[in-house]
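The structure appears below as structure tokens.
The values are calculated or read from the model by the stated rules, or taken from the named source; none is laboratory data. Just so it is clear, the model here is predicted, and its values are computed rather than measured. Virtual Cβ from ideal backbone geometry, glycine too; neighbours counted across all protein chains shown. Heads up: the accessible areas ignore ligands, DNA and RNA and are worked out on the full protein's heavy atoms, side chains in. Shrake-Rupley method; radii C 1.70, N 1.55, O 1.52, S 1.80 Å.
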Amino acid sequence: MGREGAGRFLIAPDPGDARLTRAVKGVDEAGASAEISVVEERPLTIFLNGQEIVTVMTIGDYPEYLALGFLRNQGMLQPGERISGVDFDAELETVVLRTDGETSYEEKLKKKTRTSGCAVGTVFGDVMEGLEDLTLPDAELRTSWLYSLAQAINRTPSLYLSAGAIHGTVLCEADRALVYMEDVGRHNAVDKIAGWMLSNEVSGNDKILYTTGRLTSEMVIKCSLMGIPALVSRSGFTAWGVEIAREVGLTLIGRMRGHRFVCLSGERRLVRDAEPAHVMSEERRHQRKGSRR
């Protein structure tokens with residue numbers, strides 16, 4: 001499992017967890033022997049009330065949160081629905097989630113969409129379901145928070161920094177990063193965040209979702225269904241992702257590198273309380289300090 005309570009985070013990555021990576025020997029460009037850490041991939045099959053729903057490829061941490069978040073973001077768990085049990089079997093690599101009421105997943109399973117997720121994401125049913133009457137809160141988003149969050153997240157020890165081939169997603173509140181999840185697919189990392197929020201009854205009304213991945217339609221839809229009004233990434237956009245963000249009123253910020261970013265939707269929430277030039281000078285000062293160590 002990840003490190004709960006590490007630093008300012010409630011949950012942070014644990015690159016030292018031996019279950020998540022494997023040492024692999026090879027050769028480098030000069031033909032010399034080399035050994036690197038590579039990320040593990042494991043299948044996890046999710047059941048809902050005895051029905052097999054999907055098998056996802058994942059690094060294997062927080063399986064219960066992944067299952068909860070996946071089912072919630074697929075609309076197979078409704079707000080307020082009582083969950084009577086979530087059981088993970090490590091040997092069988094399964095999570096079985098049980099509810100007290102009847103579920104309507106049968107119709108959803110008939111319609112499946114393969115998404116652009118790195119580990120082949122899947123959306124069941126109408127991909128726009130649940131967005132028609134959605135209203136996201138008008139919580140402010142300060143640029144000083146964005147700069148502070150980006151610096152803190154980029155300097156946090158992670159599998160991304162130690163092994164690569166992985167995506168990170170971070171749930172934030174103002175300038176504080178709360179929960180940092182990683183996985184081989186960005187959609188899995190988001191689902192883990194959603195599962196944690198559901199388990200801890202945390203609202204998305206005043207939150208920010210930061211991701212290392214592309215801002216695709218799937219990412220925008222999941223963030224919106226989680227009730228989070230702002231989605232931020234160091235990566236770029238897809239046209240449909242931007243279109244959906246504008247339809248639901250989500251603040252969508254991408255290409256965030258250093259003091260630069262681009263906002264393509266929901267600019268009304270932005271409060272520009274930090275000068276980009278000041279941020280740039282702070283970055284240079286930090287780089288100079290680092291070079292003297």
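Please work out which one of (1) at pLDDT 95 or above; (2) open to solvent by less than 30 Å² (accessible area, probe 1.4 Å) is the condition GLY121 fails and give its number.
(1)
Run down THR45, THR21 and say which single residue is in contact (Cβ under 8 Å) with a residue 24 or more places away in the chain, farther than 26 Å from THR156 by Cα and of a type in the set (Ser, Thr, Tyr).
Testing whether each residue is in contact (Cβ under 8 Å) with a residue 24 or more places away in the chain, farther than 26 Å from THR156 by Cα and of a type in the set (Ser, Thr, Tyr) leaves just THR45.
When residues of segment 243-266 are filtered for being within 18 Å of THR143 (Cα to Cα) and of a type in the set (Gly, Ala, Ser), how many remain?
Residues in segment 243-266 being within 18 Å of THR143 (Cα to Cα) and of a type in the set (Gly, Ala, Ser): 4 in total.
Of (1) open to solvent by 60 Å² or more (accessible area, probe 1.4 Å); (2) of a type in the set (Ser, Thr, Tyr); (3) at pLDDT 65 or above, SER104 satisfies all except one. Which?
(3)
Table: residues versus (1) in contact with a helix residue (DSSP H, G or I) (Cβ under 8 Å, 6 or more places away or on another chain); (2) of a type in the set (S, T, N, Q).
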position	(1), (2)
GLY164	no, no
ASN188	yes, yes
ASP191	yes, no
LEU198	yes, no
ASP206	no, no
ALA245	yes, no
LEU250	yes, no
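Does LEU215 satisfy the condition of being farther than 22 Å from MET76 by Cα, modelled with pLDDT of 95 or more and not small (Gly, Ala, Ser)?
yes
Take the residues of segment 179-208 that are touching a residue at least 12 places away in the same chain (Cβ under 8 Å) and among the polar types (S, T, N, Q): which is most open to solvent (accessible area, probe 1.4 Å)?
It comes out as ASN205.
Residue by residue, here is whether (1) open to solvent by 20 Å² or more (accessible area, probe 1.4 Å); (2) in a loop (DSSP other than H, G, I, E, B) holds:
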position: PHE9; (1), (2): yes, yes
position: PRO15; (1), (2): yes, yes
position: ALA23; (1), (2): yes, no
position: GLU35; (1), (2): yes, no
position: ASP61; (1), (2): no, yes
position: LEU66; (1), (2): no, no
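Being in contact with a strand residue (DSSP E or B) (Cβ under 7 Å, 6 or more places away or on another chain) and in a helix (DSSP H, G or I) is the filter here; which residues of segment 146-173 pass it?
Within segment 146-173, LEU146, LEU149, ALA150, ALA152, ILE153, LEU159, TYR160, SER162 meet the criteria.
One residue is enough: does segment 209-223 have a residue meeting the conditions in contact (Cβ under 8 Å) with a residue 24 or more places away in the chain, buried (at least 24 other Cβ atoms within 10 Å of the Cβ) and over 22 Å from SER265 (Cα atoms)?
No, because not a single residue in segment 209-223 is in contact (Cβ under 8 Å) with a residue 24 or more places away in the chain, buried (at least 24 other Cβ atoms within 10 Å of the Cβ) and over 22 Å from SER265 (Cα atoms).
Does segment 82-99 hold any residues that are polar (S, T, N, Q) and surrounded by fewer than 15 Cβ atoms within 10 Å (Cβ to Cβ), and which are they?
The one that is polar (S, T, N, Q) and surrounded by fewer than 15 Cβ atoms within 10 Å (Cβ to Cβ): SER84.
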